[in-house]
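Below you'll find the structure, written out as structure tokens, and then a few comments.
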Amino acid sequence: MNITITVNYNFDKLYNALSASTQIPQIAKAYEAWATIYRAAMQERFVVNSRGAGSWPALSKRTLEQRRKKGKSAAILRDTGLLFGTLNPTFGQPGQHQQLFDNGIEIGFSDTARYSDGSSLADIAAKHQYGTWNIPQRTIFVQPDDKTKSIMSKVMEKALEDVINV
């Protein structure tokens with residue numbers, strides 16, 4: 001399960017040409033920064049939602065009862081911490097997927113991390129991202145909000161200026 005974020009700037013042709021190449025070190029670093037910024041924003045969003053203050057549906061009474069019996073938290077999607085940990089802004093955490101493209105980045109969950117029952121993190125994340133007949137949709141990855149887009153834009157603008165001024 002992945003989300004792809006692409007460049008969509010209204011810069012002049014030179015800026016567009018430069019921002020479409022991960023072969024330029026400054027641009028590659030900007031895309032890596034985008035990934036970090038995006039994961040940080042999604043982790044913040046996850047915290048808000050897991051506390052019940054966001055758009056995610058509340059846990060069912062049955063799930064809450066099971067968690068109380070086991071002495072576990074009532075936080076949404078925080079049972080093991082694996083999904084949340086994958087949103088760590090620092091790339092290289094178990095289960096993280098990141099790929100740079102010539103016009104953007106792809107962020108997601110990989111099949112490399114597994115739960116104790118053998119389920120892959122990517123499969124579990126997809127069930128929550130899209131919902132199933134018995135699991136309500138709880139979107140983990142969404143398009144960046146305006147604040148995040150603004151930060152990402154500034155990072156790319158700085159990278160493009162660095163390329164032009166070399």
query = Under the classification rounded if a/c is under 1.5, otherwise prolate if a/b is larger than b/c and oblate if not, where does the stretch 86-149 fall, given a ≥ b ≥ c as square roots of the Cα gyration tensor eigenvalues?
reply = oblate
query = For the chain, what are the DSSP H helices with axial Cα length of 24 Å or more and mean Kyte-Doolittle hydropathy of at least -0.5?
reply = 25-50, 146-164
Coil-residue chymotrypsin sites (Phe, Trp or Tyr not before Pro) of the stretch 49-103, DSSP, other Cβ within 10 Å capped at 16 = PHE91
task = At q = 0.21 Å⁻¹, work out log10 I(q)/I(0) for the stretch 38-118 with the Debye formula, treating every Cα as an identical point scatterer and leaving solvent out; two decimals please.
result = -1.05
ask   = Given R₀ = 35 Å, FRET efficiency for SER116-THR139 by Cβ-Cβ distance, to 0.05?
value = 0.90
query = When the Cα atoms of the chain are enclosed in a convex hull and the volume is divided per residue, what value in Å³ results?
reply = 116 Å³
key: Charge sum, other residues only, whose C-beta stays under 12 Å from ILE27's C-beta, Lys/Arg counted +1 and Asp/Glu -1   = -3
Other-chain or far-sequence residues with amide H under 5 Å of HIS97's (modelled H) = GLY108, PHE109, SER110
query = Over 32 Å between Cα atoms, which of LYS72/LYS149; LYS70/LYS127; LYS72/LYS127; LYS69/LYS147 qualify?
reply = LYS72/LYS149; LYS69/LYS147
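No value in this document is a laboratory result; all are computed from the given coordinates. Small disclaimer: the values here were computed from a predicted structure and weren't measured. FYI the Cβ positions are ideal-geometry reconstructions off the backbone, even for glycines, and counts take in every protein chain you see.
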